[in-house]
Amino acid sequence: MNKISEQKFLVALDICESLIDFKYRPTNSTYQAIELFCEIGKNPFELLELCEKYFIKITKVCDIIKEYATSVDNWRVDCPLGFGAKDHCSFLSFFLNLDRCQFEYFTDNFTTPEEIAELFKDWQGIDFSPLLEKQKIVTF
């Protein structure tokens with residue numbers, strides 16, 4: 001595992017943990033975490049490995065993301081990706097749950113991992129489909 005990727009992953013988790021301080025208001029911190037996950041996600045299996053390694057911490061972080069997402073409207077986030085705060089939380093859930101395929105969606109804009117994967121393929125050129133296919137085989 002690449003140590004730089006692991007450091008970026010931990011920074012992204014810290015950013016996600018900080019969302020508790022932004023309850024009831026939008027923040028572009030979600031986008032900062034998404035950017036880091038995208039950098040790591042250029043090698044999707046490395047992202048998967050990090051999710052598996054930090055499973056315990058991710059469980060806590062996902063609770064914080066959910067608490068934040070349920071406290072805000074889907075206000076548009078000022079960033080190159082666009083979309084709203086709740087959409088960003090759906091994206092974060094996607095990245096952090098790749099190992100278990102237990103994603104949470106906070107809007108009706110994106111309701112499947114395949115929709116989110118397609119977004120990141122179009123936007124960043126990251127292909128998560130082999131990883132999602134592998135996880136479907138393991139999960140079912």
* **Condition met for LYS86 (part of a helix (DSSP H, G or I), over 20 Å from SER129 (Cα atoms), open to solvent by 80 Å² or more (accessible area, probe 1.4 Å) and among the basic types (Lys, Arg))** => no
* To do: Please work out if LEU81 is surrounded by 15 or more Cβ atoms within 10 Å (Cβ to Cβ), within 15 Å of the chain's Cα centre (by Cα), under 18 Å from LYS121 (Cα atoms) and not aromatic (Phe, Trp, Tyr).
  => yes
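Condition first: of a type in the set (A, V, I, L, M, F, W, C), more than 21 Å from TRP123 (Cα to Cα) and modelled with pLDDT of 90 or more. Can you find one or more residues in region 89-104 that meet it?
Within region 89-104, not a single residue is of a type in the set (A, V, I, L, M, F, W, C), more than 21 Å from TRP123 (Cα to Cα) and modelled with pLDDT of 90 or more.
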* **Residue that is nearest to MET1 (Cα to Cα) [pool: residues in region 65-78 that are surrounded by fewer than 17 Cβ atoms within 10 Å (Cβ to Cβ) and modelled with pLDDT of 95 or more]** => LYS66
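Any residue in region 115-127 that is of a type in the set (D, E, K, R) and surrounded by 16 or more Cβ atoms within 10 Å (Cβ to Cβ)?
Within region 115-127 (the criterion being of a type in the set (D, E, K, R) and surrounded by 16 or more Cβ atoms within 10 Å (Cβ to Cβ)), the answer is no, since none of the residues qualifies.
The values are calculated or read from the model by the stated rules, or taken from the named source; none is laboratory data. Just so we're clear, the structure is a prediction, and the values are computed from it rather than from any experiment. FYI the Cβ positions are ideal-geometry reconstructions off the backbone, even for glycines, and counts take in every protein chain you see. Ligands, DNA and RNA are stripped out before the accessible areas are found, and what is left, the full protein with its side chains, is counted by its heavy atoms. Shrake-Rupley method; radii C 1.70, N 1.55, O 1.52, S 1.80 Å.
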